[in-house]
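What follows draws every value from the coordinates through simple rules; no lab data is involved. Since the model is a prediction, treat every value here as computed from it, not as a measurement. With ideal geometry, Cβ positions are generated from the backbone for all residues, glycine too; neighbour counts draw on all protein chains shown.
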């Protein structure tokens with residue numbers, strides 16, 4: 001399990017994807033958690049989720065946690081596969097609760113009632129890519145994996161097994 005969660009190569013591609021994903025998602029999480037960027041803040045967002053969209057409180061809380069903390073962990077490259085995996089159902093949920101009724105395209109010209117699903121599909125693709133590749137260069141995961149590989153094997157543990 002450690003190998004799947006931490007192992008990554010030294011490639012720049014996952015680094016670029018991590019940074020892009022984090023920089024795009026963090027403002028949405030900060031709107032929901034802190035009220036930054038003209039957001040409603042935690043209480044306002046939870047009221048919207050539970051009373052307007054009718055999402056159960058625990059699911060709304062998970063949405064805020066994933067959107068706020070996920071980008072921070074992606075930026076650091078810590079538990080990247082885990083956070084990227086959580087983003088996939090998040091975006092699928094957003095598609096079905098907020099965007100699917102508006103079609104495919106984003107609302108570039110203001111002629112739709114809301115945004116379509118294309119952004120969400122792109123974000124799902126970024127997340128899938130990170131689940132497959134891991135964190136890449138300059139990541140905590142890479143450092144932890146290198147540290148884990150260099151650890152000497154404890155012969156007492158091997159004899160006990």
Going highest first, how would you order 72-83, 95-106 by mean Cβ packing within 10 Å?
72-83, 95-106
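Compute the length gained on full extension between residue 150 and residue 13: take 0.36 nm times their separation in residues and subtract their Cα-Cα distance, giving the result in nm to one decimal.
Numbers: separation 137, 0.36 × 137 = 49.32 nm, distance 2.52 nm.
That works out to 46.8 nm of additional length.
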Taking the Cα atoms only, what angle lies between the long axis of helix 57-76 and the longest principal axis of the chain, rounded to 10 degrees?
50 degrees
Please report Rg over Rh for the chain, where both radii come from the alpha carbon positions and Rh follows the Kirkwood definition.
1.09
Could you work out the helix-only [θ] at 222 nm for the chain, with each DSSP H run of four or more residues adding -39,500 (n - 2.57) and the total divided by the number of residues, to the nearest 500 deg cm²/dmol?
-20000 deg cm²/dmol
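Rank by packing, highest mean first: peptides 42-49, 85-92, with packing defined as the count of other Cβ atoms within 10 Å averaged across residues.
Details: 42-49: 15.5, 85-92: 18.4.
In descending order of packing, they fall as 85-92, 42-49.
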Can you tell me how much longer the chain between residue 34 and residue 54 gets when fully stretched, taken as 0.36 nm per residue apart minus their C-alpha distance, in nm with one decimal?
5.1 nm
Helix 118-133: angle to the longest alpha-carbon principal axis of the chain, degrees 0 to 90, nearest 10?
0 degrees
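Multiplying the sequence separation of residue 61 and residue 47 by 0.36 nm and subtracting their Cα-Cα distance, what value in nm do you get?
Working: separation 14, 0.36 × 14 = 5.04 nm, distance 1.10 nm.
The residue 61-residue 47 span can extend by a further 3.9 nm.
Which order do 135, 129 fall in if you start with the one that has the fewest other Cβ atoms within 10 Å?
Working: 135 32, 129 15.
By the 10 Å Cβ count, ascending, the order reads 129, 135.
So what is the orientation-averaged projected area of the stretch 77-150, using the convex hull of its C-alpha atoms, in nm²? Kindly include the intermediate steps, with their values, before the conclusion.
Numbers: hull surface 22.7 nm².
For the Cα atoms of the stretch 77-150, the hull's average projected area reads 5.7 nm².
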